[in-house]
Amino acid sequence: MSNNTDSINISKYIGEVSNLLPYSHSEKQPVLDDLQEDLQEALSSDPTIDLFSTFGSPHEVAKNLSKSHDWNTKPAGWLIRILAYFIDFILLLIFAFSSFIIGFAVVLDWLTNIINTERLELTEFLFLFSVIIIIGMLPVIILFLYFVILEKLWATTIGKWIFGLRTVDITGIKPSWKQVLIRNFTKFQGEFLPFDIIIGMMMEKEKGTPGKYQRASDILADTMVVKRL
């Protein structure tokens, strides 16, 4: 029973570490296999040890693994990131436009029914007004959520994935929800994005850390974008 419990604990622990490393299964599996051997050896010598107190939390272990191994990456330059963003933007534009057309058709059909019945209740008016507001904001909402959700769950977007880019915490692990919200805030208002880049360049120069290609929001979020070599 103890061996089964240990195996479950180790598997869960390694699963959490694996989920924090923004690399493919083939890239991180050798590292995770070594970690599993270390955990099993430690539990074999002393079954009473606590993995968290002995090795640290999965978050801490993932950070250490990220920093201690060569993952064949380098900071992604501005040009390739702009190209990736352009692809994402085009895909989102197509999706948002399609959603807008469908939403507009639904509202138009509803308005036609209301006009035919010559009756509009207050609740119907308020609901209709809310739907129109949501449809109007839909492209911006989709744009923001697209980057936030994909970068949090997979550390990449479709555009970034095409070019082998990953959004990571400054230590190399997947960013947290807070980090992806901060770094993507300027994408909520796209006109701020160029200023985000320019200010980031100035901040890097002032800090004496050029070459990381961090936007100002990246610096605030402690994130960066890396490219596989």
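Here are some notes:
- Any hit, the range 27-41, residues being over 18 Å from Ala155 (Cβ atoms), modelled with pLDDT under 90, hydrophobic (A, V, I, L, M, F, W, C) and surrounded by fewer than 11 Cβ atoms within 10 Å (Cβ to Cβ): no
- Elements of the type helices (runs of 4 or more DSSP H) sitting completely within the range 1-88 and holding at least 2 residues that are more than 19 Å from Lys160 (Cα to Cα) and under 22 Å from the mean Cα position of the chain (by Cα): these cover 2-20, 25-45, 58-68.
- Filter pass, Thr156 being in contact with a Pro (Cβ under 9 Å, 6 or more places away or on another chain) and at pLDDT 90 or above: yes
- Note on the range 150-188: residues that are free of Cβ contacts under 8 Å to residues at least 24 places away in the same chain and farther than 12 Å from Asp88 by Cβ amount to 1.
- Pick from the range 43-63, criterion buried (at least 16 other Cβ atoms within 10 Å of the Cβ) and either out of contact with any helix residue (DSSP H, G or I) (no Cβ under 7 Å at 6 or more places or on another chain) or aliphatic (A, V, I, L, M) (or both), ranking: farthest from Glu27 (Cα to Cα): Leu43
- Qualifying residue in the range 194-213 (condition: assigned to a loop (DSSP other than H, G, I, E, B) and within 13 Å of the chain's Cα centre (by Cα)): no
The values are calculated or read from the model by the stated rules, or taken from the named source; none is laboratory data. Here the structure is a predicted model, which means the values were calculated and not measured. A quick note on method: Cβ atoms are made from the backbone with ideal geometry, for glycine too, and the neighbour counts reach across all protein chains shown.
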